[in-house]
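One structure is given here, and the rest of the page talks about it.
The values are calculated or read from the model by the stated rules, or taken from the named source; none is laboratory data. Note that the coordinates shown come from a computational prediction; the quantities given were computed from them, not determined experimentally. Methodologically, a virtual Cβ is constructed for each residue, glycine included, from the backbone with ideal geometry; neighbour enumeration extends over all protein chains shown. Note: areas computed on protein heavy atoms with side chains; ligands, DNA, RNA excluded. Shrake-Rupley method; radii C 1.70, N 1.55, O 1.52, S 1.80 Å.
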Amino acid sequence: MKPVQLTVFIIWGALCSSLLVYAGMLSSMTFAPAQGNQGSLGGIVALAAGCAAALSFFIRKLLLGGFVNGQLTLDDPANHGRFIAGNVVVFALSEGVGVLGFVNGITSNGAGDAWLPYIGGAFILMLLHIPLPSRFKPAS
């Protein structure tokens, strides 16, 4: 594993651990009784989370596709910035699903069904985008 790949892997691990912090915070908070209907916000959050999840795959293909198919290599220091930035954008979109779940959980008075699917989905997205060295082909 090259140093730039290790850097990206550490960033990935930190963002995955933050998802666990979100879940821990929501499960340990106490909320006042609900007042009013928050149904419309839940739909907006679900739409935004779905768009962020789909966009993460598109951006990964757009920014990191050259590394996957071997056109770009990590042996060239000029590509390190693109590799790190591309992965950070993909990770941010994936974690954004969890952040939206955190917001939805707070506005829904901590109801588990309001935040758990989002944080679970964000963790699954992070696993799908894990920066393993085997995903990137060396340049031919």
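Can you compute the modelled spin-label distance between Ala111 and Ser18, with each label point 7 Å from Cα toward Cβ, in nm?
2.7
Specify the angular offset, from 0 to 90 degrees and rounded to the nearest 10, of the alpha carbon long axis of helix 80-107 from the longest principal axis of the alpha carbons in the chain.
10
Starting from the Cα-Cα distance between Phe9 and Val68, subtract it from 0.36 nm times their residue separation and give me the gain in nm to one decimal.
Extra length from Phe9 to Val68 when fully extended: 19.6 nm.
So, for region 37-140, what is the accessible surface per residue at a probe of 1.4 Å, expressed in square angstrom?
Heavy-atom SASA per residue in region 37-140 reads 51 Å².
May I ask for the angle, rounded to the nearest 10°, between helix 112-128 and the longest principal axis of the chain, with both axes built from Cα atoms and the value confined to 0 to 90°?
Once rounded, the angle reads 0 degrees.
Tell me the mean residue ellipticity at 222 nm calculated for the chain from its helices only (DSSP H runs of n ≥ 4, each -39500 (n - 2.57), averaged over every residue, nearest 500).
-25500 deg cm²/dmol
For the residue pair Asp75 and Ser134, what label-to-label distance in nm results when each label sits 7 Å from Cα along the Cα-to-beta-carbon direction?
2.2
So what's the chain giving for Cα Rg divided by 2.2 N^0.38 Å, two decimals?
Computed over Cα atoms of the chain, the ratio equals 1.22.
Specify which residue in the list Phe91, Val68, Thr30 is farthest towards the positive end of the charge dipole of the chain, using unit charges on the beta carbon of Lys, Arg (+1) and Asp, Glu (-1), about the Cα centre.
Farthest towards the positive pole: Val68.
Going by a ≥ b ≥ c, the root eigenvalues of the Cα gyration tensor, does region 80-125 fall in the rounded group (a/c under 1.5), the prolate group (a/b larger than b/c) or the oblate group?
Taking the square roots of the gyration eigenvalues as a ≥ b ≥ c, region 80-125 is prolate.
Computed FRET efficiency, Cβ-Cβ of Lys2 and Ala54, R0 35 Å: what is it to the nearest 0.05?
0.75
Just check region 1-78 against the gyration tensor rule for me: Cα atoms, a ≥ b ≥ c as the square roots of the eigenvalues, rounded for a/c under 1.5, and otherwise prolate or oblate depending on whether a/b exceeds b/c.
It is oblate, given that a/c is not under 1.5 and a/b is not larger than b/c.
With everything on Cα atoms, drop me the angle between helix 39-68 and the longest principal axis of the chain, reported from 0 to 90° to the nearest 10.
10
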